[in-house]
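Computed from the coordinates by the stated procedures, all read-outs in this text should not be read as laboratory data. Fair warning: this is a prediction, and the values are worked out from it, not measured in the lab. Backbone-built Cβ (ideal geometry, glycine too); neighbour counts: all protein chains shown.
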Amino acid sequence: MAAQQAEPSLEDLIPDSAVENPVEWAQQGEPGGQPAEPVVEVDPSSPLADLPAIDVPWPDDLELPQLAPLEPDDSIQFADMEDATNPRPALVDADVVRVTDELVLAFPPDDAAFPQQVEFAERFGNLSTIAELDTDDDNVAQLAARAKADQALLDTMMRVYGYYDAQVVRSVASIQPGDDNAGSRPEVRFDIIPGARYRFGAIELGELNTAVDAAALRRAFEIQPGDFMSSDKIVEEQFNLDTALGEFGYPFAAIDAPELLVDHARTEGDLTLAVRPNGKYVFGAVNSNLPRFLSGQHLSSIARFDAGDVYQRSLELDLRRAIVSTGLVSSVTVTPREVAAPVGDQPGTVALDVELTRAKLRTIAGALGYGTGEGFRAEASWEHRNLFPPEGSLRVRGIAGTQEQLLGVTFRKNNFGGRDKVLTVDAFASTIDSDAFDANTVSLIGTYERRSTLLFQKPLSWSVGLEAVATDERPAPLGGVVQPRQTFFVGAIPLFAELDTTDNLLDPKKGFRAGLRLSPEVSRSRGTESFYLRGQFDGSTYLRASEKIVVAGRVRFAAIPGTELDNIAPSRRLYSGGGGSVRGYGYQRIGPRDINGNPTGGRSLVEGAIEARVQTGFFDGALSVVPFLDAGTVSRSVTPDFDTVRFGAGIGVRYNTGFGPLRFDIATPINPGPGDSRIAVYVSLGQAF
């Protein structure tokens, strides 16, 4: 067989004449053929009349190579989106936690492999896209798309817990007719294989060792080499270290963002937290930008620190809260400023510069209330809260009601002589026309007290005062005959103390309160001078029976020993009944009565009440239902005789306004006396007790 000739190269096919003059060669046509057609110049702007036909024959002997099939990758698990029913799980005998009807987490059966299962599953459920968008109409395709986002979330969460080699296997399945679970919704399952939990390696805390209190500060940062890694722990301990720096006297301390270098070979992570203590300091002066409004000296008097005390950030924040609670400012900024730098182990000094913005100081307020037996009551007031700086207010108030009318002027000096101590002088004239008595009274009362406020609820409150009263009174008409008036001049020293362990001033849910009032008094009327003691004990307790139920109870004991009932002005005797006493009865309607059934008051009193405050799901949980039972008795003697104990029961609703609960109670007397109404209604702000 003759040898096959070699194919010519590109250089062999191009003649020399084409290389020397390519244009002339192209016009000659193919070698050995006809001359080429002359080149026709074409106007670029003219359209093509006819497109030339293109005829390319398809080779009959062309054969394309077959593609080799891909080998399956056994590391990937698939659940058929259309007809798979039970894809093979990655974990055998897994500990399965169902997050929602269509979302399942599977953990290793050995709890030691991942002891954070419960916490992890709850946290994942709060962040899951599948759980957030869960509806009854979800199909497999929708779940598959959401499952990708949830898998990325799980990967991130496993690293947060220190499992950097964790694997999360995702499977999505639909239930087919004929299956035991036919009719169920499609389901996403994540099999979590934790792997090894990494530990902290080296811990670098920057310049912390330069601080005077380096050892104590290091103890505040409770992460040691060898501890299990946790991003949550890093954040928590960074906060604890920052708090400790602020409490140990380092107002200018700074902490950079943490850096974690993970070494997979060692299964460890080296943590770097750049800390700069920047010196230790003590408190200096407190300066005000408005010295005639609230002076620096006054602000120092309400601070819970003295000059020379070690700086504490919590005390700085407490001062800011105390200034806000005065109600005289709309904004407060407290800035530490270096006065003297630290020298060696001796701390420096910082002054606190207080930047104040005045609030509106004049207030007009009003209140409306209603109670069966008490009738309507409207109260209005005008107040200037800093007419006598610092914190000296003047308030004018008036009451117009069915039974009471009053006009009064009150001077009040807040933070007088110390933090949260208040001096009050109150002068008023009032008339009261109740079922028990008719009184025209002029009073002058001065008190010095330490009481709880909404911002600063105190475990111990107290007050001491002086009271001068001139009152012209007469009892209720007897047999239709108006009784003669009798004038009483009363001097008293009212004393009060209360222990409070509750968690909220207006709406307590746990704890107790115990208060004692004592008022030694002298009374003079018609030439008779009497000395007696008015005493009263109030106790209440609050127990959270469940997440949505609070059980509350109260008792009251009161007595007036020292003189006969007739020597005591009717307005200063003891009465029971009403919205703050025994509900279901009219105001002051419980107790001894005259022959016409009018209350005469007494010298001893016993009351008790119990109620259940049940939170409902209405208005996002703001509405509560409150069934209650009250009881009370009043006796003419100093010791209760319990001859007649009145009971009242009812139900109320509470609407939580955010400031405090709005109360609406409706009650009925269980064993009413003559003239008692069958229904009583009470409306007010705050709980009954």
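Kindly identify the range 281-358 as rounded, prolate or oblate by the Cα gyration tensor criterion: order the square roots of the eigenvalues as a ≥ b ≥ c, call it rounded if a/c is under 1.5, otherwise compare a/b with b/c, prolate if a/b is larger, else oblate.
Prolate, since a/c reaches 1.5 and a/b exceeds b/c.
Order these peptides, 553-559, 345-351, 118-124, by their mean beta-carbon neighbour count within 10 angstrom, highest first.
Order by mean packing, descending: 553-559, 345-351, 118-124.
Between F411 and D270, what's the calculated FRET efficiency when r is the beta-carbon distance and R0 is 51 Å? Round to 0.05.
With R0 = 51 Å, the Cβ-Cβ based efficiency is 0.20.
Return the long-range amide H neighbours of G511 (sequence gap of 5 or more, or a different chain), with a cut-off of under 5 Å between placed amide H atoms.
Under 5 Å from the amide H of G511: Y542.
Multiply the residue gap between L495 and D309 by 0.36 nm, knock off their C-alpha separation, and tell me the result in nm, one decimal place.
In short, 63.5 nm is gained.
Full extension from Y448 to T431: what is 0.36 nm times the residue separation minus their Cα-Cα distance, to one decimal in nm?
3.5 nm
Find how many whole Å separate the alpha carbon centroid of the range 553-604 from the alpha carbon centroid of the range 120-166.
Answer, in whole Å: 66.
What is the extension gain from R321 to E379, computed as 0.36 nm multiplied by their sequence separation minus the C-alpha to C-alpha distance, in nm to one decimal?
Between R321 and E379, full extension yields an extra 17.9 nm.
G249's amide H: which non-local residues (gap 5+, or another chain) put their own amide H closer than 5 Å, with H modeled 1.01 Å from N in plane and none for Pro or chain starts?
Answer set, sorted by chain and number: R313.
For the range 379-390, take each phi angle, set θ = phi - 60°, evaluate the Karplus expression 6.51 cos²θ - 1.76 cosθ + 1.60, and give the result in whole Hz per residue in order, putting x for glycine and proline.
Per-residue couplings from phi come out as 10, 9, 8, 10, 9, 10, 7, 8, 5, 10, x, x Hz.
Report the calculated FRET efficiency for L533 and F618 (r = Cβ-Cβ distance, R0 = 51 Å), to the nearest 0.05.
It comes out at approximately 0.60.
Please list, by residue number, everything in the range 390-430 whose backbone N is under 12 Å from a paramagnetic label point 7 Å out along Cα→Cβ of T363.
Under 12 Å, as judged by backbone N against the label point of T363, lie 393-396 of the range 390-430.
Report the charge-dipole magnitude of the range 362-685 in Debye, nearest 20, computed about the Cα centre from +1 at each Lys and Arg Cβ and -1 at each Asp and Glu Cβ.
That gives the range 362-685 a dipole magnitude of about 640 debye.
Can you list the lysines whose alpha carbon sits under 18 Å from that of K548, skipping same-chain ones fewer than 8 residues off?
Correct list for K548: K509, K510.
Which order do the peptides 321-328, 189-196, 489-496 come out in when sorted by mean C-beta neighbours inside 10 angstrom, highest first?
189-196, 321-328, 489-496
Could you calculate the FRET efficiency of T333 with R419 from 1/(1 + (r/R0)^6), where r is the beta carbon distance between them and R0 is 25 Å, rounded to 0.05?
So, using R0 = 25 Å, E works out to roughly 0.75.
Using label points projected 7 Å from each Cα along Cα→Cβ, tell me how many nm separate L662 and D256, to one decimal.
5.5
In the range 424-475, with Lys and Arg counted as +1 and Asp and Glu as -1 at Cβ, which of these residues, A439, S452, F428, has the Cα nearest the positive end of the dipole, that is, farthest along it?
It is S452, whose Cα lies furthest towards the positive end.
Just name one of P342, Y281, G327: the one whose Cα is farthest towards the positive end of the charge dipole of the range 281-358 (beta-carbon charges, Lys/Arg +1, Asp/Glu -1).
Going by the Cα projections, it comes out as G327.
Starting with the fewest neighbours, write out S330, S530 ranked by other beta-carbon atoms found within 10 Å of each beta-carbon.
Result, fewest neighbours first: S330, S530.
In what sequence do H384, H264 fall when counting other Cβ within 10 Å, fewest first?
Least crowded to most crowded, the residues run H264, H384.
Could you give each residue of the range 130-140 its phi-based ³J(HN,Hα) in whole Hz, using Karplus coefficients 6.51, -1.76, 1.60 with θ = phi - 60°, and x for Gly or Pro?
Couplings: 4, 5, 5, 9, 5, 9, 6, 9, 5, 10, 5 Hz.
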